[in-house]
1. Within the range 1-30, count every residue that is loosely packed, with under 14 Cβ neighbours inside 10 Å, in contact with a helix residue (DSSP H, G or I) (Cβ under 9 Å, 6 or more places away or on another chain) and either at pLDDT 70 or above or outside any loop (DSSP other than H, G, I, E, B) (or both).
2. Can you list residue pairs whose Cβ atoms sit under 8 Å apart, with the first residue in the range 42-62 being within 13 Å of residue 110 (Cα to Cα) and in contact (Cβ under 8 Å) with a residue 24 or more places away in the chain and the second being loosely packed, with under 14 Cβ neighbours inside 10 Å and aliphatic (A, V, I, L, M)? Count only pairs 6 or more apart in sequence or on different chains.
3. Just one of (1) β-branched (Val, Ile, Thr); (2) in contact (Cβ under 8 Å) with a residue 40 or more places away in the chain; (3) part of a helix (DSSP H, G or I) trips up residue 167, so point out which.
4. Mind checking whether some residue in the range 34-51 is closer than 30 Å to residue 161 by Cβ, of a type in the set (Lys, Arg) and in a helix (DSSP H, G or I)?
5. May I ask you to say which residue of 113, 103 is more than 25 Å from residue 45 (Cα to Cα) and without any contact (Cβ under 8 Å) to a residue 40 or more places away in the chain?
6. Among (1) in a loop (DSSP other than H, G, I, E, B); (2) among the charged types (D, E, K, R); (3) surrounded by 11 or more Cβ atoms within 10 Å (Cβ to Cβ), there is one condition residue 60 misses while meeting the rest; what is its number?
7. Output the residue which, of all residues in the range 99-128 that are of a type in the set (S, T, N, Q) and part of a helix (DSSP H, G or I), is modelled with the lowest pLDDT.
Amino acid sequence: NSPPSSPAITPFITHLSRFLSFCPGIPQSFSTVPEVVKFVTVVIFTCSGQHSAVNSGQYDYGGWMPNTPISLQQPPPTTKGQSTESTMLETFPDVGTTAQGMSTMWLLSKQSSDFLALGQYPEEHFNEIPPCTMIQKFQTELKVFSETVKARNSGLPVPYTYMDPVVVENSVAI
């Protein structure tokens, strides 16, 4: 790998390296364009697809309180097969705590009011042909991938929709 050959990207790499000096666990510097591309790709995936996969289904799973009780009123059972319906009901949180936990899960899982699907850019930051062509190619690839996800889900009893580009947020919105 050779250092970046494009003078236009050198200031970006320098700025990114300076910013990253405060972030543990990620590269502290970049010396090649492929390194920057890999890093930016990971950031984009983490803030879009991965966030959707991890976050969007929280309520679907956690909205049923026995799956993720927000608190317990008794210690959890220590011996398998010794719990009864009565001990379970005594252990689970009260109705108010349960409602609070479900509300939190719902708020964290719901689509934001300013939702923008992955690949949608209402503010046109680029008007040059090369980036516009890349954006169009990306949007076309997302449409194809969306159709693939829909086709896979069509035969499933419980479809997995969280990675369909039409429901993946363009970035993390909390």
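1. Residues that pass the stated criteria total 3.
2. Final answer for the pair search is 51/172; 55/108; 58/108; 59/108.
3. Answer for residue 167: the failing condition is (3).
4. Checking the range 34-51: at least one residue is closer than 30 Å to residue 161 by Cβ, of a type in the set (Lys, Arg) and in a helix (DSSP H, G or I).
5. 103
6. Every condition holds for residue 60 apart from (1).
7. Looking at the filtered set, the residue picked out is 109.
Quick grid of which residues meet (1) hydrophobic (A, V, I, L, M, F, W, C); (2) touching a Ser or Thr at 6+ places or on another chain (Cβ under 9 Å); (3) closer than 16 Å to residue 48 by Cβ:
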position: 113; (1), (2), (3): no, no, no
position: 117; (1), (2), (3): yes, no, yes
position: 124; (1), (2), (3): no, no, no
position: 140; (1), (2), (3): no, no, no
position: 156; (1), (2), (3): yes, no, no
position: 161; (1), (2), (3): no, yes, yes
position: 164; (1), (2), (3): no, yes, yes
position: 170; (1), (2), (3): no, yes, yes
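The values are calculated or read from the model by the stated rules, or taken from the named source; none is laboratory data. This is a predicted model, so every value here is computed, not measured. Heads up, the Cβs are rebuilt from the backbone with ideal geometry, glycines too, and the neighbour counts pull from every protein chain shown.
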